[in-house]
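Heads up, the thing below is written out as structure tokens.
What follows is calculated from the coordinates using simple rules that are stated; it is not laboratory data. Keep in mind that this is a model prediction, so the values were computed, not measured. All Cβ positions, even for glycine, are placed from backbone atoms using ideal geometry, and neighbour counts span all protein chains on display.
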Amino acid sequence: MTSFNSKAKHLSVDTATDVASAKNNTKADIRYQFNFERFLEHLVDVSLSFTALTASPKLWLPAWIPGSYLMREFARNITAVQYRILEGDNASDAYRAQKTDKNTWQLPQVKVGQTVVVDYEVYCYDLSVRTAYVDQQRLYGNFTSLALAVEGQELSPIKASLLVPATFLADKETSRVRLACGLTSTHLSFEESQHDGQHSYGLQVDNYHEFIDYPFEIAEQDTFDFIVHDDTHQTLPHRFFLSGKHHANMGRLQQDVTQICQTYLNWLGDAPFDNYTFMTFASGQDYGGLEHINSTSLITPRRDLPSIDEPAIPSSDYQRFLGLCSHEYFHAWWVKTVRPDVMLEVDLRREAFTPLLWVFEGFTSYIDDFMLQASGVIDQASYLKLLAEQINRYYQTPGRAYQSVAESSFDAWIKLYRSDENTGNAGISYYNKGALVALCLDLMLLQKSAGRYRLFDVVKAFYNQAKQNDNKRIGISSADMGVVIGQFIPLADWEDFERRYVNGVEELPIEAMLRESGVKLRTNTKETSDKHVPWGIRCTETPAGLKINRVQRDSAAAKAGLSAHDVIVAIDGIKATSKQLGSLNQADRDVECHLFRRDELIAVNVRPKSAQVTDEQALTPYKVSLHLSEEGDEPLQNVGSWQTWLNVMERYQS
């Protein structure tokens, strides 16, 4: 820490004149330096300088990041916070900041008008898109986990420097080391040969709230540029960065992503950004994405990227990555611009509870795959396979009978990101069910409006409202949903739908509505729930035996007393295997099981046919497939058709 403190002191004094000149300005610049010299230890040294507008100012750090609804407690990665007071070219001895709560520090020695320099370090070794990750390959971060905010001065302009040591660049192909960030070139600079051989990237934003919406990555990266056009023929530049080891077909990726993005602009007319950046890291198994004001941060298994000989119809793995790109891109309109009302002016130190996450993540999870086929990147048969996967996930979740999609949204903070062995029994994902509620709402709008309106018109109506506001954003409530949907169909139809399928737990009318639109559902009777979940348990075969991951409520296993985390070692005196378990799935007798629970051996008898299956469970297929009606099929009795449903872009392109 000694060398770090001395270096930070030297660098901060260089900025003291600028800070001092702004002492009487209530919007004095706040400056940050992020020094990555200790990247091998996954540490970032941060220096923050500002002029205090209050005595004993406080610093705080967000506890969660917008778009990911879990208290992640980023402050746990910050070590001791120290500060010094500047007087001219001199600095006081270092004081230790006093913590007042889990993510707030106070500087009691600081008086109004004094310039203060705060030094601290952040541990950065989380590979997800939500925090920060630093090693010899990449320097990645969200400022929600790196930059302490000055309480009461969150609207002050910010200047920041990212200091990259020469040792990080030494073993890399210099021409491929790039900074990926959503900031425009007017707010981004690269300065070579700084002190001690460091390279410095400069960033500038208007305030802290904007600052935390610009993640960055410095690494060897492949990149391509493309443009899309809005309805006034204005060009919107886009840039795609890809880091990590990969063999992606960059030309194919550019072609497909461009088509998807242009299709969104064709539909929505224009964009809430002037330019857009995709930041992608290719890994082994990790997967995820997070939306930002004019960028998205993605992490994907490298197998999901297009291969050199990628077929015309993308592979299922590549479709998954394109769906991720589509999902996060749409969030620029449908989360960053139109958002839940409680998140319009949000305090990132506290939860923001809303029953509307199903609207924002559910609509997006429906539209993301839909737009793959609307753009022509995948064909309609491929899209129906993706939709069938959503439907089958829904049917595989018995918790849909107990938790509404609105309740799932409200409880995101304590449930969605904290799944356990009982999650599927007790709840439903607002992503999964939300997507299917969106499907049903889309089809209902088509049917009730005689084919004139649909979900895409509802989204566009909200977006157009947002554009009328000075800040180009809008926060919506459940009541607002009714107001807008009521412009397209009778309000009573929406209220009945909301009561039954959003706030209630009635089974979604997926099959009936799809049939009315000319889509046939086929049930694979050979792949029933019993075959894939014998006795109502999901297991992993391990050298120690069959490890139970989940037990379905009211199943034969549950009635026998089998529990999650048990390890079945023998069935009827024979070593337990998945094949043996499946062969006894329909046994109409007691089956003896020996298992370990913790370190204790237990014997239980399972009666596979003992579970009382309800009519609803018996009728619910484990696996369905979807097919378009063909010529010669029974004609539809309403205005709906699969052509009307799937060919959404025709009305916007005309």
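Over the range 220-331, all Cα pairs binned in 5 Å intervals from 0 give whole-percent P(r) values of 2, 12, 24, 26, 19, 10, 5, 1, 0, listed from short to long. Helix-derived [θ] at 222 nm for the chain: sum -39500 (n - 2.57) over DSSP H runs of at least 4, divide by residue count, nearest 500? For the chain, the value works out to -7500 deg cm²/dmol.
Relative protection proxy for 435-444, 202-211, from highest mean packing down: 435-444, 202-211 (other beta-carbon atoms within 10 angstrom). Put a dot 7 Å past the Cα of residue 452, heading toward its Cβ, do the same for residue 471, and the two dots end up 3.5 nm apart.
Near residue 418, once Lys and Arg are set to +1 and Asp and Glu to -1 for all other residues with Cβ below 13 Å from its Cβ, the sum equals -1. Which aspartates and glutamates have a Cα lying under 12 Å from the Cα of residue 385, excluding residues fewer than 8 positions away in the same chain? Leaving aside aspartates and glutamates fewer than 8 places away in the same chain, those within reach of residue 385 are 369.
Charged neighbours of residue 343, selected by a Cβ distance under 15 Å, balance to -3 (K, R count +1; D, E count -1). Loop-located GluC sites (Glu not before Pro) across the range 293-366 with a Cβ neighbour count of 13 or fewer within 10 Å are 345, with loop assigned by DSSP.
Give me the percent of Cα-Cα pairs in the range 433-486 that sit more than 12 Å apart, rounded to a whole number. Looking at the range 433-486, the distances longer than 12 Å represent 69 percent of pairs.
Ranking of 470, 29, 588 by neighbouring Cβ atoms within 10 Å, starting from the fewest: 470, 588, 29. Mean separation of Cα pairs under 8 Å and 6 or more residues apart, divided by the residue count, gives the chain a relative contact order of 9 percent.
Spacing of the modelled spin labels on residue 541 and residue 553, each 7 Å from Cα toward Cβ, amounts to 3.1 nm. Panel order for 648, 591, by other beta carbons found within 10 Å of each beta carbon, from fewest to most: 591, 648. Of 58/433; 579/623; 433/547, which sit over 32 Å apart, Cα to Cα? Beyond 32 Å between Cα atoms: 58/433.
In units of the compact-protein estimate 2.2 N^0.38 Å, the range 529-615 shows a Cα radius of gyration of 0.96. Helix 316-330 axis versus longest C-alpha principal axis of the chain: approximately 50°, rounded to the nearest ten.
Nearest 10 degrees, 0 to 90: what angle lies between the long axis of helix 2-14 and the longest principal axis of the chain (Cα atoms)? It is inclined by approximately 70 degrees. How far is helix 455-467 tilted, in degrees, relative to the longest principal axis of the Cα atoms in the chain, given as a value from 0 to 90 rounded to the nearest 10? Around 20 degrees separate the two axes.
With a sphere of radius 11 Å drawn around the Cβ of residue 564, what net charge do the other residues whose Cβ falls strictly inside it have (Lys, Arg +1; Asp, Glu -1)? Charge balance in the 11 Å sphere: +1. The length gained on full extension between residue 574 and residue 503, counted as 0.36 nm times the residue separation minus their Cα-Cα distance, comes to 20.7 nm. Close amide H contacts of residue 591 (hydrogens built in the peptide plane, cut-off under 5 Å, sequence separation of 5 or more or a different chain): 606, 607. Within a straight-line Cα-Cα reach of under 16 Å, residue 102 can be paired with the following aspartates and glutamates, leaving aside sequence neighbours fewer than 8 residues apart in one chain: 73, 151, 347, 351. Going from the fewest other Cβ atoms within 10 Å to the most, the residues 510, 227, 308 appear in the order 308, 227, 510. Listed by chain and number, the aspartates and glutamates whose alpha-carbon sits under 16 Å from that of residue 559, ignoring those within fewer than 8 places in the same chain, are 530, 588, 590, 592.
The Cα atoms of the chain define a convex hull whose projected area, averaged across directions, is 33.1 nm². Measuring spread by the Cα atoms of the range 234-279 yields a radius of gyration and Dmax of 12.1, 37 Å.
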